[in-house]
Every structure is written in structure tokens, then in C-alpha cells.
Amino acid sequence: MLESARSRVKAWAIAGIGTAAAIAVAGLLGAFEARHQALAALAPSSQVDTGEWLVRPLKAYVSAEKHVYGTLLKPGGKALVLELEMTNRTAKSTKDYFELLQAGPTPVDPATKPFIVLTRDSTMSPELHPGMPERMAYIWQLPDGAAPPANFGLTVIRKTYKLRDNLYGLPGWFNPAPIGTLTMPVGAGPDAPDLQP
Amino acid sequence: MMRRLANILLLLVAVAFCYGLQLSKPHYGDLIGPIPARGKLGDTIVGRGFEARAEKVEFARNLRTDRFGETEILTTGGVWAVVTVKFAARAQSTVVSIASWRGPTGLTYDQTERLSFANDLLPVPIDPGLPRKARLVFELRPDQVSNATLLISEKLLAALDSQAEISLGPIAVGADGMPAGTVDTFDMTQPL
């Protein structure tokens, strides 16, 4: 009886020491720091590598036109337009750019989905082809009555390549994670000049 | 002593053998991939459900199309490639919907999505005994034009189904970096 109690205490002690050691090693390796690091601030005129895409912001402006690059706005609504140059870095044509940029928190709610348009001929979200830079416009509808902001914040999202995913064993881009934040100055209108690197 | 050494040696050989088996094992993606039916430009390529014959490849800097009665010029940052292909169904009616252009370095260009309103593009429904032609339109980098392969299949994930692989052969490049014979504007409204 006493013997078994003593061995039980010994087992508990060993298990506790093991757990403490594991947590200490994880802490030393930096497991608890990653989530507290603030996102890097990216320069608005820089080219950002998100894994799948090379993204270079060109300009942002607010438009009150009825049609912006062929997309119809709500009557009386305004749109926040971000034009950028996007290059597909992968080996296949893809349109995996819907999660690339997250606007907000002001003036656009981060849950608002933008229209994404090829500015060349206003095609709505076409596939972009490997190694061919294209000018694209992200168009967010501003909330009713919102004043045009002087600048707006964006979070750029990266994805990671996996040669074989766990479900189908096929290659793909997974695990979206933020790279950094961008603050774009908002110009007066579509005629504003492009940002120069 | 000798016996123990022999055992260790045997173990190492077994480890190496198993590692080799693991490396050479085909992956799931390879096992359920499309089944290629290969050929050249001008050959009739026979797959399970359809036959395809690539007749000609043309290059252009711009495309002219009609959208709702208005003429529209589509520009590109690279070069447009227009492939005329004759399709025929084999035993039953089917639809051929997917084509891509694999360049010499393996970059794969899907058909353009900027022309959805034009006629004679994929997807084409085909019926046995009624062959028909279609145009496959790609937007390419000029350095991906020569020695390319055209991949045509009925469905997007052509798992365990035929995929026509048509090698298009070398294409001369002009002084401006564009393929030889590139026209300024290709008229998509002209009948096939």
C-alpha cells in the first residue's frame, strides 16, 4: 500500500518535471514569442513577395463614379480603389488572389469582399499567368456616408507551398499568414500618379 | 563476432532497400493523374472519349472580338496564341472543356478567361460522327512559345482519363522577340 503510493508520487513527479522541461525548451526555442510579434510595416512603394505573387501597390483613390472598371456600385455609393501590379510567381495560371489583401479595420470592414478586376479590359477576376505582370484593381465599396479617408490600412497575406497536401497528395499553396501591413495614401481620383519605387 | 557483424550489415542493407522502395514509390497524385495520349501538330490524337487534331498555331499582339455588337481589341503583356483544333467524339457525346499550354520550362498557361463571350471557344460539345473545330486562346510569355506542349482534357481534374498531349515543335523567334509570323491583330470573328 505504502509502496504503491510512493511509486505513484514518484511517477507524478517525473511527469511534472518532464512537462516543465518540455515547456522550458519550447520557450527557449521561441514558441511563445511568435504570436506576440507586431506585424512589420511595409513601405507602400515596395514590391512584396507573398509566395505566390509579387505585389507592387501603385495607387489608391476613392471613386464616386457609377461604374469603376466595369463593376457597378450601389446608387450613391463610393468605392475605394487600390490599383497594383501583380505577377504570378508560380508555374501555373491561377486566380488565388482573393485572400491576398485584407483591408481595414478602417474605413472598410475587413469582412468586405472586394471586386478584383483586370484593368486592361475590366475582366472580373481572371486567371493570371506565370511571369506576366498585370495591373489589377481591388475595389471595396465604402460604407454609406463614409468620408473619403486620407489613407487606409491593408494587411498582406502570404501562403506557403506544399509539394503534397495532406488530403489529396497534390501540390498547392496553403496556410495563409499575414506578412505585414501597408498604409496607402488615398489620392483624389483615378488620375493620381502611380507611386514610384 | 563475425555473426554479429553480418547481422548489422544485413540490417543496413534492409534499411537502404526500404528507403529505396519509399523513394521510388509513385505518389497518389501520380497514380490518379491523367493518362497521356501523345502526338504532334497535325496528328489525330485518340483518347478515351474524344479525338483531337491541332491544325495550326497563330500568334498575334492583339485580338479583335465582338462584344454585344461592339468591336473590342484585347491587348496583352505577352503574346496571344490561337490554336485551331478539330475535335470528334468517339462512342458517345461529350464536352471538351480544358486546355492549357505547357512551355519548354514547364510553366503552364491556362486558356484565357478574358474572351468568355466569343464563339468557337472551349467548352465545345461534340457528338459521334459530327466533328467540329474550336479555337484555343492563350496569353503567353514570348519565351514560352517554342517547343511547347498543348494539353487538352474533357474535365478539369482528368483523373484516370485521357489527356491529349500535342507537342507543337520549335517556333522561330523574330528580331523583336516575338514568334515569327506574329500578326498585329487576329480577328476572332472570322469563321473557322
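Readers should treat all values here as calculations from the given coordinates under stated rules, not as data from a laboratory. Being a predicted model, the structure only gives us computed values, none of them experimental. Note that each Cβ is placed from the backbone with ideal geometry, even for glycine, and that neighbours are counted across all protein chains shown.
Hey, what do the phi angles of the stretch B:186-192 turn into as Karplus ³J(HN,Hα) couplings, whole Hz, using 6.51/-1.76/1.60 and θ = phi - 60°, x for Gly and Pro?
9, 8, 6, 7, 5, x, 6
Give me the one-decimal nm value for the distance between modelled label points at A:Ser122 and A:Ala177, 7 Å along each residue's Cα-to-Cβ direction.
4.1
If the cut-off is 24 Å between C-alpha atoms, which lysines fall inside it for A:Lys78, apart from same-chain ones fewer than 8 positions away?
In chain and number order, the partners are A:Lys59, A:Lys66, A:Lys113.
Name the residue farthest towards the positive end of the dipole of the stretch A:109-197 from the options A:Tyr161, A:Ala137, A:Leu118, assuming +1 on Cβ of Lys and Arg, -1 on Cβ of Asp and Glu, about the Cα centre.
Farthest towards the positive end: A:Tyr161.
How long are the semi-axes of the equivalent ellipsoid of the stretch B:1-125, taking √(5λ) for every eigenvalue λ of the Cα gyration tensor, in whole Å from largest down?
In descending order, the three semi-axes are 51, 20, 13 Å.
Mind sorting B:Val82, B:Val57 by how few other Cβ atoms lie within 10 Å of their own Cβ, fewest first?
Working: B:Val82 17, B:Val57 23.
Fewest-to-most ranking of B:Val82, B:Val57: B:Val82, B:Val57.
For A:Lys95 and A:Ala111 in the same chain, what is the full-extension length gain: residue separation times 0.36 nm, less their Cα-Cα distance, in nm?
Once the chain is fully extended between A:Lys95 and A:Ala111, it gains 3.8 nm.
What does the extension gain come out to for B:Asp43 and B:Ala6, with contour length at 0.36 nm per residue minus their alpha carbon separation?
On the way: separation 37, 0.36 × 37 = 13.32 nm, distance 5.87 nm.
Taking B:Asp43 through B:Ala6 to full extension adds about 7.5 nm, to one decimal.
Once both labels are modelled 7 Å past Cα along the beta-carbon direction, what's the B:Val173-A:Asp144 spacing in nm?
A separation of 5.7 nm, rounded to one decimal place.
List the longest stretch of chain B that has no exposed loop site; here a site is one of the trypsin sites (Lys or Arg not before Pro) assigned by DSSP to anything other than H, G, I, E or B, with at most 16 other Cβ within 10 Å.
On the way: sites that count: B:Arg48, B:Arg90, B:Lys155.
By the stated rule (loop sites, at most 16 other Cβ atoms within 10 Å), B:91-154.
Report the net charge of residues surrounding B:Leu10, where surrounding means a beta-carbon distance below 12 angstrom and charges are Lys +1, Arg +1, Asp -1, Glu -1.
Details: positive: B:Arg3, B:Arg4; negative: none.
Once positives and negatives cancel, what remains is +2.
Shape verdict for the stretch B:57-104, please, from the Cα gyration tensor: rounded (a/c under 1.5), prolate (a/b greater than b/c) or oblate. Write out the running numbers ahead of the final one.
On the way: a/c = 3.01, a/b = 1.49, b/c = 2.02.
Cα axes put the stretch B:57-104 in the oblate bin.
Which chymotrypsin sites (Phe, Trp or Tyr not before Pro) from the stretch B:60-92 combine a DSSP loop assignment with at most 16 other Cβ atoms within 10 Å?
Numbers: sites: B:Phe68, B:Trp80, B:Phe87; in loops: B:Phe68.
Counting only loop positions with at most 16 other Cβ atoms within 10 Å, the chymotrypsin sites (Phe, Trp or Tyr not before Pro) in the stretch B:60-92 are B:Phe68.
What's the average, rounded to a whole number, of partner chain beta-carbon atoms within 10 Å of each residue's beta-carbon in A:91-97? Walk me through the numbers before you get to the answer.
Working: counts 7, 7, 11, 2, 2, 0, 0.
The per-residue average across the peptide is 4.
From other protein chains only, count the Cβ atoms within 10 Å of every residue's Cβ in B:105-113, then give the mean.
6
Scattering from the C-alpha atoms of the stretch A:1-132 alone, worked out with Debye: what is log10 I(q)/I(0) at q = 0.10, 0.14, 0.17 1/Å?
-0.55, -0.80, -1.04
Which is the longest run of chain A containing none of the GluC sites (Glu not before Pro) found in DSSP loop states (not H, G, I, E, B) with at most 13 other C-beta atoms within 10 Å?
A:100-197
Where does helix B:2-24 land angle-wise versus the long Cα axis of chain B, in degrees 0 to 90, nearest 10?
On a 0 to 90 degree scale, this one is about 10.
Would you please give the FRET efficiency between A:Ser4 and A:Glu33, computed as 1/(1 + (r/R0)^6) with r the Cβ-Cβ distance and R0 = 51 Å, to the nearest 0.05?
Working: r = 43 Å, r/R0 = 0.84.
According to the calculation, E is roughly 0.75.
In chain A, once you exclude exposed trypsin sites (Lys or Arg not before Pro) (DSSP loop, at most 15 other Cβ within 10 angstrom), what's the longest stretch remaining?
Values: sites that count: A:Lys66, A:Arg89, A:Lys95, A:Arg164.
Segment A:96-163 is the longest.
Taking 0.36 nm per intervening residue step and subtracting the Cα-Cα distance, what contour gain separates B:Lys133 from B:Val15 on full extension? Walk me through the intermediate numbers first.
On the way: separation 118, 0.36 × 118 = 42.48 nm, distance 5.58 nm.
Length gained between B:Lys133 and B:Val15: 36.9 nm.
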